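*Asks:* Got a structure here, written out as structure tokens. Questions coming.
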Amino acid sequence: MTVRNPKFIISAVRPEQYPETDMLEIAFAGRSNAGKSSLINALTGRKRLAYSGSTQGMTRQINFYDIDGEMTFVDLPGYGYAAVSKDQKELWGRVVENYLNVRPQLYMVILLLDVRRDPGSDDVMMYEWIRRSGLAHALVLTKCDKLSRMKVAERRAAIIRQLSPEAEPRIFPVSSAERTGIDELWAEIDRVFSDD
Ligand code: GDP
């Protein structure tokens, strides 16, 4: 779809703070720095709807965005901060787990992976959870402008192998910086949402 009027709704930590809406939700998950904010901005055609490089406090919250009254984008806090303490990691886990486990509106999860990095144990765990959940999902390889097309194809195969050799995920190489792959990802979202 072409987004006309995306709006930030609220930042939440606890379920009682989540917005009351009956729109279906797409959650964006991935390591911090994987390119979540940039992808949400590219998908919505806005420069600063989602804050890039936000402070650690902000990144522990879940940010909800109204996409033209059609669906809600949910920006989950990124995992994998090397610097955070054990307490903060536990808090992150609770915030994300709470959302994933209790939110009836959740309809699709998009897992972002930096195309240049090997998936970490957090990525593998998240992907396993998504697969078992039975939710619609897609993998997005971010920052593809940083590699040649051939290298992207190589990395794509390696990432699938490392994440889960037996799975056949739908996988979308994108560059938010150059807006490549964004229309294809939207087509997939539209397809998934028109399936219900
Ligand atoms: P987040 O922490 O997952 O929200 O990641 P951000 O969207 O803030 O991106 C992290 C860093 O990667 C920032 O410096 C972005 O400018 C950069 N980045 C994100 N997407 C792209 C992309 O498609 N191409 C390039 N070259 N850099 C990107």
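*Asks:* Kindly indicate whether LEU139 is more than 12 Å from the ligand (Cβ to nearest atom), open to solvent by less than 50 Å² (accessible area, probe 1.4 Å), closer than 18 Å to ILE40 by Cβ and free of Cβ contacts under 8 Å to residues at least 60 places away in the same chain. Break it down stepwise before answering.
*Replies:* Numbers: more than 12 Å from the ligand (Cβ to nearest atom): yes; open to solvent by less than 50 Å² (accessible area, probe 1.4 Å): yes; closer than 18 Å to ILE40 by Cβ: yes; free of Cβ contacts under 8 Å to residues at least 60 places away in the same chain: yes.
Against the criterion (more than 12 Å from the ligand (Cβ to nearest atom), open to solvent by less than 50 Å² (accessible area, probe 1.4 Å), closer than 18 Å to ILE40 by Cβ and free of Cβ contacts under 8 Å to residues at least 60 places away in the same chain), LEU139 qualifies.
*Asks:* Moving on. For segment 100-149, enumerate the residues that are at pLDDT 95 or above and of a type in the set (Phe, Trp, Tyr).
*Replies:* Of everything in segment 100-149, just one residue is at pLDDT 95 or above and of a type in the set (Phe, Trp, Tyr), namely TYR107.
*Asks:* Right, something else. Based on this model, can you work out whether ALA167 counts as surrounded by fewer than 16 Cβ atoms within 10 Å (Cβ to Cβ) and in a loop (DSSP other than H, G, I, E, B)?
*Replies:* Details: surrounded by fewer than 16 Cβ atoms within 10 Å (Cβ to Cβ): yes; in a loop (DSSP other than H, G, I, E, B): yes.
So ALA167 passes the test.
*Asks:* Also: For segment 31-63, which positions are modelled with pLDDT under 95, more than 8 Å from the ligand (Cβ to nearest atom) and hydrophobic (A, V, I, L, M, F, W, C)?
*Replies:* LEU49, MET58, ILE62
The values are calculated or read from the model by the stated rules, or taken from the named source; none is laboratory data. Remember, it's a predicted structure, so these values are computed and weren't measured experimentally. A quick note on method: Cβ atoms are made from the backbone with ideal geometry, for glycine too, and the neighbour counts reach across all protein chains shown. Surface areas here come from the heavy atoms of the whole protein model, side chains and all, with no ligands, DNA or RNA. Shrake-Rupley method; radii C 1.70, N 1.55, O 1.52, S 1.80 Å.
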